[in-house]
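Reading through the structure tokens given below for one structure.
The values are calculated or read from the model by the stated rules, or taken from the named source; none is laboratory data. This structure is a prediction, so every number in the text was calculated from the model and none was measured. All Cβ positions, even for glycine, are placed from backbone atoms using ideal geometry, and neighbour counts span all protein chains on display. All accessible areas refer to the heavy atoms of the entire protein, side chains included, with ligands and DNA or RNA removed. Shrake-Rupley method; radii C 1.70, N 1.55, O 1.52, S 1.80 Å.
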Amino acid sequence: MATRTKGRPAHDDDRGQARTRLARRAVVEAARSLFLERGYAATTIEAVSHRSDVPQATVYRLFTSKLGILKALLDVSVAGDDQGLTLQDRPQIAAIFAEPDPKKLLAGFADISVSINTRSADIYSILVSAAGSDPDAAALHGDYMGMRDQGQGLIATVLARAGALRVGMKERDAADIIHALMSPDLYRLLVKDRSWTPRRYERWLTDALIGQLLLPAARE
């Protein structure tokens, strides 16, 4: 049953939430195009407001700052939608972690990694560029890298607990390999700079993860 704000019909609340969500999407998409065209530093809230047709006061209310817009844009690019769920909270991620076959588990995360990098590679480059001169953007970059490290570290933990890692490989070393091979930097190098297709990169990434991490018996 829908809840009601005191003195306001429930359908009015629903319409208000829908308008807010549409405004957020418009601002995020306008910022995406402006950041790519002009760069982060040269993009103003005024320009984002003008392109999105959302008043500046509303932009500030929804995002607080230009960095808030960049964070929202990064979140949407990584997740693929604006539902507000972290990757770890999504059913498809839980299903991959529950996969008992280490090869299939790594193939699943290779697929997820390619999807994320395909959506977010350009936005990540904007964040890296902004972090070079903006301390707040640098902090956001650090937070993003920390979340990547945490999530990818869980993959190493699952493999270690399953006894699937190569003989003598420590869990931390496995996490470092996963972090490097699944990085947006390596994706950009091969897909953007060397013109690999995302599908080719995914096949290579899957083979590289399996070859580097798993026991010979687990690769069969």
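Numbers for the structure displayed
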read-out	value
Spatially proximal aspartates and glutamates relative to K71 (Cα-Cα < 14 Å; intrachain offsets below 8 disregarded)	E29, D81, D82, D122, D134, D136, D143
Distance from the range 139-188 to the range 8-81 (C-alpha centre basis), Å	32 Å
Distance violations [Cα-Cα > 31 Å] among K104/K192; K103/K192; K66/K170	K66/K170
Within the chain, helix-based [θ] at 222 nm, where runs of 4 or more DSSP H residues each add -39,500 (n - 2.57), nearest 500	-23500 deg cm²/dmol
Probe 1.4 Å, accessible area per residue of the chain, Å²	56 Å²
Spacing of the two label points (7 Å from each Cα toward its C-beta) at E29 and A180, in nm	4.1 nm
Mean Kyte hydropathy of 1.0 or more with a Cα span along the axis of at least 24 Å, helices from DSSP in the chain	none
E46-T157 pseudo-label distance in nm [points 7 Å out on the Cα-to-Cβ vector]	4.8 nm
Pairwise Cα inverse-distance average, inverted: Kirkwood Rh of the chain (Å)	19.4 Å
The range 12-88, Cα convex hull volume normalised per residue, Å³	91 Å³
The range 43-163 - percent of accessible surface contributed by carbon and sulfur, probe 1.4 Å	55 percent
Candidates P184, P91, P198, ranked by Gaussian network fluctuation over the chain, Cα under 10 Å, top entry	P91
Percent of C-alpha pairs per 5 Å bin, the range 38-124, short to long	3, 13, 18, 19, 15, 11, 8, 7, 5, 3, 0
Where trypsin sites (Lys or Arg not before Pro) in DSSP loops with at most 16 other Cβ within 10 Å are excluded, longest remaining stretch of the chain	7-165
